[in-house]
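Q: Dropping the structure in here first, questions after.
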Amino acid sequence: MIVYRDVDEVPYRKDSYLTIGTFDGIHLGHKKIIQTLVWNAQQKRCRSVVVTFYPHPQTVVRTKEVPIALLTPVDEKIVLLESLGPDVVLILPFSQELARLKPEIFVSEILVSKIGVQKFIIGYNHAFGQGRKGSEKLLRELGSQFDFSVDVVSPVKVGNEPVSSTRIRHYLLDGNVHRANLLLGRNYTVEGIVKKGKNIGEKFGFPTANIDVIGENKLVPKDGVYAVIVYIKGKMFQGMANIGYKPTVDGSSWNVEIHIHNFSDDLYNEKLRVEFIDRIRDEKRFDSIDALISQIKKDREKSIELLSKNL
């Protein structure tokens with residue numbers, strides 16, 4: 001897979017099968033679109049091209065001061081896209097100028113003229129361009145003009161629920177990582193670099209690694225305690241994550257801290273990949289340290305139980 005960050009760098013090829021979208025999360029719906037793209041292109045010995053954006057379009061066009069929380073910041077998105085096998089990923093710089101571009105101009109002057117398009121593969125509710133006026137109908141009209149065809153991929157549902165990035169964000173912000181994982185088709189993941197902490201957990205017999213989360217505007221699930229899988233240098237460990245303010249012992253600063261079961265090595269400056277499996281409880285303030293320690297022991301047993309059901 002070749003990654004480009006400027007459309008002028010992409011070699012022109014008319015025999016390109018192309019899809020376009022924000023693809024935040026690379027969830028089950030996104031996977032179906034991209035796998036369909038890759039398979040169809042391979043059958044015709046054509047080039048498969050995924051066009052996506054950075055920054056996320058909503059961070060540019062929305063008026064709210066709080067930035068949209070991202071499921072997959074750009075570097076994480078690239079890794080997930082590579083696993084799906086497209087030949088080319090183009091990360092278009094998204095700007096107010098691009099947002100104002102009429103969809104007809106975007107297709108004709110950027111996608112058709114500079115990349116080349118033989119076939120579009122799009123999702124069932126695809127929309128793009130100024131005011132999201134670019135639709136399947138418009139693409140088919142442009143296809144007649146510029147000699148490309150359009151295939152539409154049907155929606156993906158889990159149970160009766162359509163898969164979408166918005167739904168997944170809502171589940172994670174509500175702490176329902178189990179449901180979010182079902183819609184993603186994988187475990188939701190946060191990566192971070194271990195930083196110096198206050199070693200409070202170690203004094204209680206439960207050492208923790210405090211991490212600085214990697215990724216601009218990366219969404220971290222709702223505050224609370226979770227059963228997690230932790231990867232360190234490619235090795236897998238079971239553990240717990242506590243997200244929040246530790247109100248019983250600190251309460252002044254927000255942290256993501258990880259306790260790895262039966263592990264005591266120094267992890268300072270190490271990169272951890274944390275996969276969220278299920279939620280154990282809300283964060284709460286306990287009346288005493290002894291009560292906190294007793295609860296942490298229960299959390300540990302619950303995390304082991306939850307992980308045993310999911311591994």
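The values are calculated or read from the model by the stated rules, or taken from the named source; none is laboratory data. Since the model is a prediction, treat every value here as computed from it, not as a measurement. For neighbour counting, all protein chains shown are included, and Cβ atoms are generated from backbone atoms with ideal geometry for every residue, glycine included.
Q: Mind checking whether some residue in the range 25-41 is touching a strand residue (DSSP E or B) at 6+ places or on another chain (Cβ under 7 Å), in a loop (DSSP other than H, G, I, E, B) and closer than 22 Å to residue 150 by Cβ?
A: No, the conditions are met nowhere in the range 25-41.
Q: While we're here: Which one of the conditions (1) surrounded by fewer than 16 Cβ atoms within 10 Å (Cβ to Cβ); (2) touching a strand residue (DSSP E or B) at 6+ places or on another chain (Cβ under 8 Å); (3) aliphatic (A, V, I, L, M); (4) assigned to a helix (DSSP H, G or I) does residue 79 fail to meet, given that it meets all the rest?
A: (2)
Q: Residues in the range 84-105 that are assigned to a helix (DSSP H, G or I) and surrounded by 19 or more Cβ atoms within 10 Å (Cβ to Cβ): how many?
A: 1
Q: Which of (1) at pLDDT 95 or above; (2) closer than 26 Å to residue 24 by Cβ does residue 254 not meet, given it meets every other one?
A: With (1) at pLDDT 95 or above; (2) closer than 26 Å to residue 24 by Cβ applied to residue 254, the lone miss is (1).
Q: If you go through the range 269-291 one residue at a time, do you hit one that is touching a residue at least 12 places away in the same chain (Cβ under 8 Å), more than 20 Å from residue 245 (Cβ to Cβ), more than 23 Å from the chain's Cα centre (by Cα) and surrounded by fewer than 16 Cβ atoms within 10 Å (Cβ to Cβ)?
A: yes
Q: Select from the range 131-187 the residues that are out of contact with any strand residue (DSSP E or B) (no Cβ under 6 Å at 6 or more places or on another chain), surrounded by fewer than 16 Cβ atoms within 10 Å (Cβ to Cβ) and polar (S, T, N, Q) and list them in ascending order.
A: Once the filter is applied, which keeps residues that are out of contact with any strand residue (DSSP E or B) (no Cβ under 6 Å at 6 or more places or on another chain), surrounded by fewer than 16 Cβ atoms within 10 Å (Cβ to Cβ) and polar (S, T, N, Q), the range 131-187 yields 144, 145, 154, 160, 166.
Q: Also: In the range 138-169, which residues are within 13 Å of the chain's Cα centre (by Cα) and not in a loop (DSSP other than H, G, I, E, B)?
A: Once the filter is applied, which keeps residues that are within 13 Å of the chain's Cα centre (by Cα) and not in a loop (DSSP other than H, G, I, E, B), the range 138-169 yields 165, 166, 167, 168, 169.
Q: Additional query: Go through 94, 23, 53 for me and flag whichever is in contact (Cβ under 8 Å) with a residue 40 or more places away in the chain and on the phi > 0 side of the Ramachandran plot.
A: 23
Q: Anything in the range 119-130 that is more than 17 Å from residue 33 (Cβ to Cβ) and either of a type in the set (Phe, Trp, Tyr) or crowded, with 17+ Cβ neighbours inside 10 Å (or both)? List them, or say none.
A: Listed by number, the list holds a single entry, 129.
Q: Next question. If I go through the range 107-118 residue by residue, how many of them are of a type in the set (A, V, I, L, M, F, W, C) and either within 23 Å of residue 164 (Cβ to Cβ) or loosely packed, with under 15 Cβ neighbours inside 10 Å (or both)?
A: The total comes to 0.
Q: Another question, then. State whether one or more residues within the range 232-239 are under 27 Å from residue 183 (Cα atoms) and among the aliphatic types (A, V, I, L, M).
A: Checking the range 232-239: at least one residue is under 27 Å from residue 183 (Cα atoms) and among the aliphatic types (A, V, I, L, M).
Q: Sticking with this structure for a sec: Taking the range 236-251 as the region of interest, how many residues are surrounded by fewer than 18 Cβ atoms within 10 Å (Cβ to Cβ) and either modelled with pLDDT of 95 or more or touching a His at 6+ places or on another chain (Cβ under 6 Å) (or both)?
A: Going through the range 236-251 one residue at a time, the tally reaches 2.
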